[in-house]
Amino acid sequence: MSRSITLCAAIPLIVGRVSAGDQLPGTLNFANVTGDRIVQTVPETASNQKEVEFGDFDNDGDLDVVVANAHSDFGQRRNKLYRNDNGVFTEVSGEPIIPEFSNASVSRNVFFRDYNGDGWLDIIIINGRNSGGDAGRSKLFLNRQEDGRFSFFEEVGLKYLGGSFGGPADGAISEDLDLDGDFDVYVGNEPSFSQDTMYFNDGDGFFENVTATHVPIDGHYTDDVAAADMNGDGKLDLLVTNGPPDNFIYYNDNGRGSSGLGDFRYGPDGLGGVQSLGTAYNQSAMEPGDFDNDGDQDIYWVGKGGGPRDRVLRNDGNDEDNRATFSVLDILPASVTEQFTRKATVADLNDDGRLDVFVGGHTTRPAILRNTTVNGRISFVDWTPGDEIPNGSQHRGWHAAAFDSNNDGDIDIFLGGWTNDHLFENVPSNEVDEDHLDGLLPPVYNTDPVAVLGHSEEDEIDIYVADDIGDDSFIAVVLNGPDDYLLEVLDVDDVLLGASDRGGLGIEEAMQITITTAGTYKVRVTVNESAGSQFDLDGDGSVGVSDLLSLLGQWGTDPGGPPDFDGDGTVGVSDLLALLINWGRAPSSNDYVLEVLSRTGP
């Protein structure tokens, strides 16, 4: 039979119930639907370096995809445009939709933006060196319509691009850097052209080169560029990832720029806006995101190989110069710290209010890092399903886009793979009720993760057995529910391998345990304290009329006691709703969701 479940992310106020058989709140899983939903005109036969962008170019209500390709083999390199029709992506590169788009060019970045303010998305492609006749020349394709409907993309040439978008590029960003309501472009250089360049949009799609007055003087090899407000002043700053020596933040104006908004150099020395973040390495990247939900932007640092490996830079607030300060956190699983990685994509993949990370793999499968941060302490577990995203060369890649590909309300992943492109759809986990298990989990090793709807009373212990776990692997577990739990992983002889007890009612428990020896392992759940007990104000063993009268008797006051369930200092509507939701419930019983994933290591 199916039981209902109530969950709470961080406080004991219980707000809803979901039956097993529906996708449980917060569960996370992906299915590889590439074969059914991606239609390429020409399959790829060699590895490619890619950048992926999404947007609705034909204004039909679903999100399309554009891919920039770059590889030294001219015969295998093609930029691609996919049209989304009800969740199926069909390649429409070249004639008649976008002529001259798939020519042999080393394309590094691509942007879907409305550059001329007509309500239709245009495309800018940023090219690198070794591009034949197009060496280093970026291109602007304006979206043209007929009878109010999309018709084709027209390449408008250099007259729109200030003569040229700099020299050969290896990274770029297109955002509103001067806060005038349109999209500008910042282009990072390759070694053959030493100075990064920036172009301001006049609102009609014409660009002016403002490098001399707005861009810090540099001579580095720029690998990647990202943008975020790093110091909380309402202006986008630049995260510039270089080859050696350093990565940098370029701050936007910061109250000192003689040229105002969009000025990153601050005066004649050209270095006023520059903040070093430490040693870099070729082909690394930085991606901003507020991973601990404290209101400022942290950084996910992709290290690739041969230099600093993946880490998180936690933003600790500003210094006296209004620049962000950071702590380096070595908290990431081996699937990214012991491998060669590529670019990161940040998105809330399971709609739990925390930003997760998809990391491209250079020598192995990509990694889905599930954000398990609580109480401001940043943490991640590897949540990559081994069956749907196997360890093979075809799923390696530089970059992925995270968006709702089929309008079903959740976030999917479109991966620009080294060989062909791949789509991973956000789907329910293998969901089961505790009553149907007899303590034995369905197979989890190198398959889909399992989500168990569990039931436990205060001080009760539930044990779930996972058979046939392979050596050189890991087990990741996440537990959510309204109670205060102790979560443990043990071997077959009950030797404790790891535990999570982060404390408090409704606090998520999570951990990842390395497995060195194949065999049987156990997941143990203990309820330290039941959330239901707070609603049983008279202590008679159930929530009823006397509890309601007790709450109403302290309505609107500052009780300093149990009726203030939400902790806001008064007894009000939210406290009443919480009690009514738990009406008739024995305070010692509650439901939880336990998720378990296991797969081979990196």
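With respect to the conditions (1) surrounded by 15 or more Cβ atoms within 10 Å (Cβ to Cβ); (2) modelled with pLDDT of 75 or more, Pro96 falls short on a single one, namely (1).
Kindly indicate which of Ser4, Ser19 is open to solvent by 30 Å² or more (accessible area, probe 1.4 Å), closer than 30 Å to Glu508 by Cα, in contact with a Lys or Arg (Cβ under 6 Å, 6 or more places away or on another chain) and at pLDDT below 95.
On the way: Ser19 fails: in contact with a Lys or Arg (Cβ under 6 Å, 6 or more places away or on another chain).
Answer to the check: Ser4.
Summed over region 218-231, the residues that are modelled with pLDDT of 90 or more and closer than 22 Å to Gly267 by Cα give a count of 4.
Out of Arg354, Arg365, I need the residue that is touching a His at 6+ places or on another chain (Cβ under 6 Å) and surrounded by 21 or more Cβ atoms within 10 Å (Cβ to Cβ). Which one?
Values: Arg354 fails: touching a His at 6+ places or on another chain (Cβ under 6 Å).
Result of the check over Arg354, Arg365: Arg365.
Among the residues of region 553-564, not a single one is in contact (Cβ under 8 Å) with a residue 40 or more places away in the chain and either farther than 30 Å from Thr364 by Cα or surrounded by 23 or more Cβ atoms within 10 Å (Cβ to Cβ) (or both).
What residue, among those in region 522-548 that are of a type in the set (Ser, Thr, Tyr) and out of contact with any Lys or Arg (no Cβ under 8 Å at 6 or more places or on another chain), is modelled with the highest pLDDT? Lay out the reasoning, then the answer.
Step one: of region 522-548, the residues of a type in the set (Ser, Thr, Tyr) are 526, 530, 533, 542, 546.
Remaining after also requiring out of contact with any Lys or Arg (no Cβ under 8 Å at 6 or more places or on another chain): 526, 530, 533, 546.
Working: Thr526: 95, Ser530: 81, Ser533: 74, Ser546: 92.
Filtering first and then ranking leaves Thr526.
Taking residues in region 203-222 that are more than 23 Å from Gly128 (Cβ to Cβ), and partners anywhere that are open to solvent by 60 Å² or more (accessible area, probe 1.4 Å) and of a type in the set (Ser, Thr, Tyr), the pairs with Cβ atoms closer than 9 Å and at least 6 places apart or on different chains are Thr213/Ser258.
Out of Arg365, Arg354, Arg323, I need the residue that is more than 19 Å from Ile413 (Cβ to Cβ) and of a type in the set (D, E, K, R). Which one?
Values: Arg365 fails: more than 19 Å from Ile413 (Cβ to Cβ); Arg354 fails: more than 19 Å from Ile413 (Cβ to Cβ).
Answer to the selection: Arg323.
Checking the condition modelled with pLDDT of 90 or more, within 25 Å of the chain's Cα centre (by Cα) and small (Gly, Ala, Ser), which residue from Gly61, Gly26 passes? Give the steps one after another, and end with the answer.
Details: Gly26 fails: modelled with pLDDT of 90 or more.
Selected residue: Gly61, the only one of Gly61, Gly26 that is modelled with pLDDT of 90 or more, within 25 Å of the chain's Cα centre (by Cα) and small (Gly, Ala, Ser).
The set of residues in region 487-509 that are closer than 30 Å to Phe565 by Cα and open to solvent by 40 Å² or more (accessible area, probe 1.4 Å) comprises Ala499, Asp501, Arg502. Could you tell me whether Val88 is out of contact with any strand residue (DSSP E or B) (no Cβ under 6 Å at 6 or more places or on another chain), among the aliphatic types (A, V, I, L, M) and at pLDDT 85 or above? Answer is yes for this residue. Could you tell me whether region 114-124 includes any residue that is open to solvent by 30 Å² or more (accessible area, probe 1.4 Å) and modelled with pLDDT under 85? Taking every residue of region 114-124 in turn, none turns out to be open to solvent by 30 Å² or more (accessible area, probe 1.4 Å) and modelled with pLDDT under 85. Of the residues screened, Pro482 is one that is in a loop (DSSP other than H, G, I, E, B), touching a Cys at 6+ places or on another chain (Cβ under 6 Å) and either open to solvent by less than 20 Å² (accessible area, probe 1.4 Å) or free of Cβ contacts under 8 Å to residues at least 40 places away in the same chain (or both). Residues that are modelled with pLDDT of 95 or more, of a type outside the set (Gly, Ala, Ser), within 19 Å of the chain's Cα centre (by Cα) and open to solvent by 40 Å² or more (accessible area, probe 1.4 Å) do not occur anywhere in region 431-451. Could you say whether any residue in region 395-417 is modelled with pLDDT under 95, surrounded by 18 or more Cβ atoms within 10 Å (Cβ to Cβ) and either closer than 30 Å to Thr526 by Cα or in contact with a helix residue (DSSP H, G or I) (Cβ under 6 Å, 6 or more places away or on another chain) (or both)? Checked region 395-417: at least one residue is modelled with pLDDT under 95, surrounded by 18 or more Cβ atoms within 10 Å (Cβ to Cβ) and either closer than 30 Å to Thr526 by Cα or in contact with a helix residue (DSSP H, G or I) (Cβ under 6 Å, 6 or more places away or on another chain) (or both).
Give region 485-497 a look and list any residue that's out of contact with any Ser or Thr (no Cβ under 6 Å at 6 or more places or on another chain) and part of a strand (DSSP E or B), or say none. Break it down into steps so the answer makes sense when it comes.
Residues of region 485-497 out of contact with any Ser or Thr (no Cβ under 6 Å at 6 or more places or on another chain): 485, 488-491, 493-497.
Tyr485, Glu488, Val489, Leu490, Asp491, Leu496, Leu497, listed by residue number.
Which of the residues that make up region 137-153 are under 26 Å from Glu208 (Cβ atoms), at pLDDT 90 or above and either of a type in the set (Lys, Arg) or open to solvent by 70 Å² or more (accessible area, probe 1.4 Å) (or both)? Hit for region 137-153 is Arg144, nothing else. Inside region 513-552, residues that are in a strand (DSSP E or B) and in contact with a helix residue (DSSP H, G or I) (Cβ under 9 Å, 6 or more places away or on another chain) make up a count of 1. Among the residues examined, Asp467 qualifies as in contact (Cβ under 8 Å) with a residue 40 or more places away in the chain, surrounded by fewer than 18 Cβ atoms within 10 Å (Cβ to Cβ) and either among the basic types (Lys, Arg) or farther than 22 Å from Asp484 by Cα (or both).
The values are calculated or read from the model by the stated rules, or taken from the named source; none is laboratory data. Since this is a predicted model, take the numbers as computed values, not measurements. A quick note on method: Cβ atoms are made from the backbone with ideal geometry, for glycine too, and the neighbour counts reach across all protein chains shown. Just the protein is used for accessible areas: all its heavy atoms, side chains included, with ligands, DNA and RNA removed. Shrake-Rupley method; radii C 1.70, N 1.55, O 1.52, S 1.80 Å.
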